[in-house]
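The values are calculated or read from the model by the stated rules, or taken from the named source; none is laboratory data. Predicted, not measured: the structure shown is a model, and the values here were computed from it. Note that each Cβ is placed from the backbone with ideal geometry, even for glycine, and that neighbours are counted across all protein chains shown.
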Amino acid sequence: MRLSKLLWSLTAVASIFSGRVSAQSSSEILELLEGIVDCATCQAALIPLQTLAHLGNDVFSDTFIGVCDLSGLEDADVCSGLFTLIGPIIAHDLREIDATSLTGSRLCDALFGFCASKTPQAFTVPLPTPAGPISPPSTPAVRNTPFTVVHISDVHIDRDYTVGSEANCTKNICCRNYADEAGEPIIDPAQPFGSPLCDAPVSLADSMLEAVAAFEAQFVIFTGDVQEGDICEVTTDLEDFNAELLSKITIPIFPAIGNHDSSPVNSFPRNTTDTTLDVQWVFDTQSAGWEQWIGSAASTQVDDISGSYAVSVPNTNLTILSLNTMYWYRQNLWLYDSDTFQPDPNGILSFMVEQLQAAEDAGRLVWILGHIPLGKPDIIEDQSNYYDQILQRYKDTIVGQFFGHSHKDQFEIAYSDYSDQTAANAVGVGLICPALTPTSGNPAFKVYDVDPDTFGIMNIRVIFGLLFDHMYYLQRIFTDPTFQTDPTWTVYYDARETYGTLVGLPADSELTPAFWHNLTEVFAANETAFQMFNTFLSRGGNVVACDDTDNCRNTTICDMRAFRSQNNCDLDEGLFNLRRRSADMSQRQESAECEGLGMRELLAEIQSKSRSKPAK
């Protein structure tokens, strides 16, 4: 940013010092944001924004509400709700850091998509030395009958969902009655059991839970995200959903914390953060609500270890280790309030090592549950790398890893050597569950057949409700009317039958990391098989074209082989390059599938719209 531009920005901020925010001052901040085109200009822009932050949270938030209003991209209540909740967190960050530091660059990445890096800060996780040789669980000569486990995730229940309301509205969340839309004609009415553009009604959640109960599984795992994708209201549905689970399912449930399980969403301050806006209430609520399934010792851990816990599955040699991945999440803006390097926020990694070592000492095997898969671009590369160090050490103890967040039916493979990605070097796989919420495809969950001795996965069935069919080549959505009157849940596909034949899977073999790597080799060589996978991502409900014309296929396969975020092939620098990015609705849905409209997306759209204005 040129010096004259920066000095003008400082003058503009000074004009707000009276505490009264005007349209002129918001306009000047908007012009400042328009000047952000790369990492250097982003960090330079943080300096005047720091001056604004020092004027107080209210002034900072009100200014950005004005910026949002001026952009005209969102209704006034959305602008006010978003920046009232998240503005104080950004202001807090800016008051605590050096804009030119590594933290400043990472804040730029979180807010604007610039200064991104795939290079983790060097740190070696302290790991105990094995007492002796550790071997993977041995496969019995004759396998015993598998038992069943159900995996659900990302329910995103909207308890204000109103049947008959507008399903394609101008808000960030639709299928609700809004005062400022009263009297307007309904074009696309919200349906009784869900609509493609809205989060899940209670009726859809209840229907799914009844389908889950019908499988007579040994236990259920739930990888987080209870609340709807509402960014502009302070609500919590944690207790209500715990009660629903208890009323519908009689077997043990092992849950994990999601980024939408706090309010504001993504808001998880570190223990080192000086703030009154803590989220201990989340851990208190879930400690009490989950105790009926995980017991008193693990529920105490939920309170003390920021939502993480370890518990033995009754009558088995399996330990469930549930980790709160929010302290590794790029959009948790509390992570940018200190220039001091903090490799293990809130001690989650240390807790992970402690519990894995205890399991190793006892000869037990472990399943890890978390919300965000470690290879996703929204996991910070530091903690993803440190998690991988732990995985490499305990690869023979960790026999299952399960996640959600993306809303898609996916997997990610970990390798002992990421520079030599082969079946022989595949040491772990993260299995990612699709979502209940219909916003990214047909509602679905997974059913695992599990070997009772090794706790390896023998088969996966994806169970879905055919709510709608999205024909991407016609750009039309066809809703299935039968689901709205009599919702049924059926097998969408069987992994062993569908994928096993592609790789020559032996009849008695588990779906090992090597199996998943071999499947990626098939996808690379077989266009038909890859397109089948691409359809499976959304359960046929929101299929997006993916082929070689834009390198999408190669990128997708690369991401399958990246259970470490530094190795994925997603765009980083300039992801939201505001000179080039289109602000149309289809791209907004693409960027916000698992998050809902958030700060990064909205700031990008504000600037993109400004760029598209004709020159005066």
Neighbours by Cβ (under 6 Å, 6+ apart or cross-chain): first from segment 548-563, in a loop (DSSP other than H, G, I, E, B); second modelled with pLDDT of 95 or more and among the acidic types (Asp, Glu) = 563/412
Can we say residue 496 is modelled with pLDDT of 95 or more, of a type in the set (D, E, K, R), over 30 Å from residue 389 (Cα atoms) and assigned to a strand (DSSP E or B)?
-> no
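Pull up segment 432-459, narrow it to residues that are over 22 Å from residue 397 (Cβ atoms) and of a type in the set (A, V, I, L, M), then point me to the one that is nearest to the chain's Cα centre (by Cα).
Just the residues of segment 432-459 that are over 22 Å from residue 397 (Cβ atoms), to begin with: 433-447, 459.
Narrowing the set further to residues that are of a type in the set (A, V, I, L, M) leaves 435-436, 444, 447.
Numbers: 435: 11, 436: 14, 444: 17, 447: 21 Å.
The qualifying residue nearest to the chain's Cα centre (by Cα) is 435.
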Among (1) over 26 Å from residue 432 (Cβ atoms); (2) in contact with a strand residue (DSSP E or B) (Cβ under 7 Å, 6 or more places away or on another chain), which single condition is residue 226 missing?
-> (1)
So how many residues does segment 367-418 have that are within 19 Å of residue 309 (Cα to Cα), assigned to a loop (DSSP other than H, G, I, E, B) and out of contact with any helix residue (DSSP H, G or I) (no Cβ under 6 Å at 6 or more places or on another chain)?
-> 2
Can you give me the number of residues within segment 237-261 that are part of a loop (DSSP other than H, G, I, E, B), touching a residue at least 60 places away in the same chain (Cβ under 8 Å) and surrounded by fewer than 23 Cβ atoms within 10 Å (Cβ to Cβ)?
-> 2
Is it the case that some residue within segment 263-281 is among the charged types (D, E, K, R), surrounded by fewer than 18 Cβ atoms within 10 Å (Cβ to Cβ) and modelled with pLDDT under 95?
-> yes
State yes or no: is residue 361 in a helix (DSSP H, G or I) and surrounded by 23 or more Cβ atoms within 10 Å (Cβ to Cβ)?
-> no
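Filter segment 364-378 down to residues that are surrounded by fewer than 24 Cβ atoms within 10 Å (Cβ to Cβ) and hydrophobic (A, V, I, L, M, F, W, C) and give me whichever is farthest from the chain's Cα centre (by Cα). Step through it out loud before you land on a result.
So in segment 364-378, the residues surrounded by fewer than 24 Cβ atoms within 10 Å (Cβ to Cβ) come out as 364-367, 377-378.
Cutting the leftovers down to hydrophobic (A, V, I, L, M, F, W, C) gives us 365-367.
Numbers: 365: 26, 366: 23, 367: 19 Å.
The selected residue is 365.
Report whether or not residue 185 is at pLDDT below 95 and in contact with a strand residue (DSSP E or B) (Cβ under 6 Å, 6 or more places away or on another chain).
Working: at pLDDT below 95: yes; in contact with a strand residue (DSSP E or B) (Cβ under 6 Å, 6 or more places away or on another chain): no.
When the stated conditions are applied, residue 185 does not pass them.
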Residue 154 fails exactly one of (1) outside the structural domain of residue 486 (by TED's automatic domain parsing); (2) crowded, with 21+ Cβ neighbours inside 10 Å; (3) under 30 Å from residue 220 (Cα atoms), namely (1)
With respect to residue 205, determine if the residue is over 30 Å from residue 73 (Cα atoms) and surrounded by fewer than 16 Cβ atoms within 10 Å (Cβ to Cβ).
-> no
